[in-house]
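Note sheet for the following structure.
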Amino acid sequence: MKFDSIDTNIPTLGDAKIPSPIKRGDDFSRSCRFISDDDKVIIDVNLNNVLKDIQAGRTLNSFELAGPRDKIYFDPSKLRCALVTCGGLCPGLNDIIRAIVLELYYGYGVRNIFGIKFGLQGFIPDYGHDIVELKPESVVSIHEMGGSVLGSSRGPQDIETIVDSLERMNVGILFMIGGDGTLKAATLLADAIEARNLKTSVIGVPKTIDNDIYLVTRSFGFDTAVDVATQAIKSAHNEAASYPNGVGLIKLMGRYSGFIAATAALAQQDVNFVLIPEVDFDLTGKGGLLEAVEERLALRGHAVIVVAEGAGQKFFKTGETLKDESGNIQLKDIGLYLKDAINAYFNAQKTEVTVKYIDPSYMIRSLPANANDHVFCSFLGRDAVHAGMAGKTKLLIGNWNNHFVHLPMSASVGKRKQVDPQKKLWFSVLDATGQGSLKNT
């Protein structure tokens, strides 16, 4: 990853001139909590690279630190804010909504906060979806629920029609909670808003259970996903170990990136084989997966396999490429394919095996967040409010080098973070499983 070419400048709607209402009373702790735009987090923390840049006289590239500013752009008494959740469900959506509403209401005194129902559809008059007025009493307990209280939808909507809606509603800050497709839409919206010379801030809160957003160290919901995935691994291991030649097979989320599969396998080290999109493997032949499973059964009498949903797509015959409403390629079901392949392989050898297949994907997506994600979402939501109130726009709140920062949408959108097969995470998986390359020799 090359960091020196990243443009880290954050656009603003104008000068922030209004004293922040957070700075009230004589509370010393409040008066000292403000962040300056000069407070930065360097992107590359490798000491050798830092020293090289200093010796060469180069400025260290860095992100703005997120947090409340001493001066804000919007007058809270006149501000109208809108929130929208888009795309697939993910643990923590309601936590983000709750954190944004509570910080706007209690931190800044904003009283006009609206939830847009069912994703971007909620802006389009033809759908007829209502908007929801959001107040503390309506969000106080929503973090205990899964899903999104605002609902969601997939697929693009007309950008100009959305801007028309924002203009009619006189929205000053739009908080968009979603994945890469949503952030692409947010970028287009911010551009269209700027073209009309409107003073509307667009703030993104990145959502992907797969943890694959570029330049974001961790996304909300990922911790919960790993937590629940380990329970599926425990179940698969117990099933496999309870039968002669038992095979536990678990399919986890991970369309393009195998972070959940790799991390869950390390968290619950009962896994013998981990298959992810970033690392190719062979199914048949010497050194392939089926032969390796056979060797494992001969040695220990059971095996556990974790496969990310995007792994092994090369095994399916090419044909018409179908896409979902968000434009993602519809993947073939590698879990069922492997189940059938394992059964066929051992049936041909007249060896009885028992394959137990578990797919917890949609159960995980719709669950409430766990304790760690509750805390993480609170930080994200509140920092999103601070950024919007300061008049910043076209940014997303991310976590980088253990700090919450402002990321320009242009630096992250349209790119993807993946497991690097030559770095510690994957090496640790190989050490924990002992699986080898799973490639023909």
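The values are calculated or read from the model by the stated rules, or taken from the named source; none is laboratory data. All values reported here derive from a predicted model rather than from experimental measurement. For neighbour counting, all protein chains shown are included, and Cβ atoms are generated from backbone atoms with ideal geometry for every residue, glycine included. These accessible areas exclude ligands, DNA and RNA; they are computed on the full protein's heavy atoms, side chains included. Shrake-Rupley method; radii C 1.70, N 1.55, O 1.52, S 1.80 Å.
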(request) Tally the residues that are surrounded by fewer than 24 Cβ atoms within 10 Å (Cβ to Cβ), in contact with a strand residue (DSSP E or B) (Cβ under 8 Å, 6 or more places away or on another chain), among the polar types (S, T, N, Q) and at pLDDT 95 or above, restricting the search to the range 201-232. (result) 0
(request) Within the range 240-277, work out how many residues are more than 14 Å from ASP227 (Cβ to Cβ) and over 18 Å from the mean Cα position of the chain (by Cα). (result) 19
(message) So for the range 378-400 (the condition being modelled with pLDDT under 95 and of a type in the set (A, V, I, L, M)), does at least one residue qualify?
(response) no
(message) Condition check: farther than 16 Å from GLY204 by Cβ and touching a Phe, Trp or Tyr at 6+ places or on another chain (Cβ under 9 Å). Does ALA390 satisfy that?
(response) no
(request) Collect the residues in the range 353-396 that are among the polar types (S, T, N, Q) and within 17 Å of the chain's Cα centre (by Cα), keeping them in residue-number order. (result) SER361, SER366, ASN370, ASN372, SER378
(request) Go over the candidates ILE96, ILE162 one by one and state the one that is modelled with pLDDT of 95 or more, more than 27 Å from PHE376 (Cα to Cα) and in a helix (DSSP H, G or I). (result) ILE162
(request) Please enumerate the residues belonging to the range 322-345 that are closer than 30 Å to ASP158 by Cβ and modelled with pLDDT of 70 or more. (result) ILE329, GLN330, LEU331
(message) Restricting to the range 417-434, name every residue that is more than 23 Å from the chain's Cα centre (by Cα) and of a type in the set (Asp, Glu).
(response) ASP431
(message) Quick check on the range 235-243. Is at least one of its residues of a type in the set (A, V, I, L, M) and either at pLDDT below 95 or surrounded by fewer than 24 Cβ atoms within 10 Å (Cβ to Cβ) (or both)?
(response) yes
(request) With respect to GLY288, determine if the residue is at pLDDT 95 or above and touching a Lys or Arg at 6+ places or on another chain (Cβ under 8 Å). (result) yes
(request) Being free of Cβ contacts under 8 Å to residues at least 40 places away in the same chain, small (Gly, Ala, Ser) and either surrounded by fewer than 19 Cβ atoms within 10 Å (Cβ to Cβ) or part of a loop (DSSP other than H, G, I, E, B) (or both) is the filter here, so list the residues in the range 102-135 that pass it. (result) GLY128
(message) Quick check on my filter: what residues within the range 242-255 are touching a strand residue (DSSP E or B) at 6+ places or on another chain (Cβ under 6 Å), under 30 Å from GLY179 (Cβ atoms) and assigned to a loop (DSSP other than H, G, I, E, B)?
(response) GLY254
(request) For ASN343, state whether it is more than 21 Å from PHE74 (Cβ to Cβ), among the polar types (S, T, N, Q) and either open to solvent by 70 Å² or more (accessible area, probe 1.4 Å) or in contact with a helix residue (DSSP H, G or I) (Cβ under 7 Å, 6 or more places away or on another chain) (or both). (result) no
(message) Could you check the range 136-159 and list, in sequence order, the residues that are among the hydroxyl-bearing types (Ser, Thr, Tyr) and either buried (at least 18 other Cβ atoms within 10 Å of the Cβ) or part of a helix (DSSP H, G or I) (or both)?
(response) SER138, SER148, SER152, SER153
(request) Could you list, in sequence order, all residues of the range 269-284 that are in a strand (DSSP E or B) and either without any contact (Cβ under 8 Å) to a residue 24 or more places away in the chain or among the β-branched types (Val, Ile, Thr) (or both)? (result) VAL274
(request) Working only within the range 400-434, note down all residues that are in a loop (DSSP other than H, G, I, E, B) and either among the polar types (S, T, N, Q) or in contact (Cβ under 8 Å) with a residue 60 or more places away in the chain (or both). (result) ASN401, ASN402, VAL413, GLY414, LYS415, LYS417, GLN418, VAL419, ASP420, PRO421, GLN422, GLY434
(message) If I ask for residues that are within 30 Å of GLN268 (Cα to Cα), hydroxyl-bearing (Ser, Thr, Tyr) and open to solvent by less than 50 Å² (accessible area, probe 1.4 Å), which ones from the range 382-441 would you list?
(response) SER428, THR433
(request) Being part of a helix (DSSP H, G or I), at pLDDT 90 or above and among the polar types (S, T, N, Q) is the filter; apply it to the range 13-54 and report the residue that is most open to solvent (accessible area, probe 1.4 Å). (result) ASN48
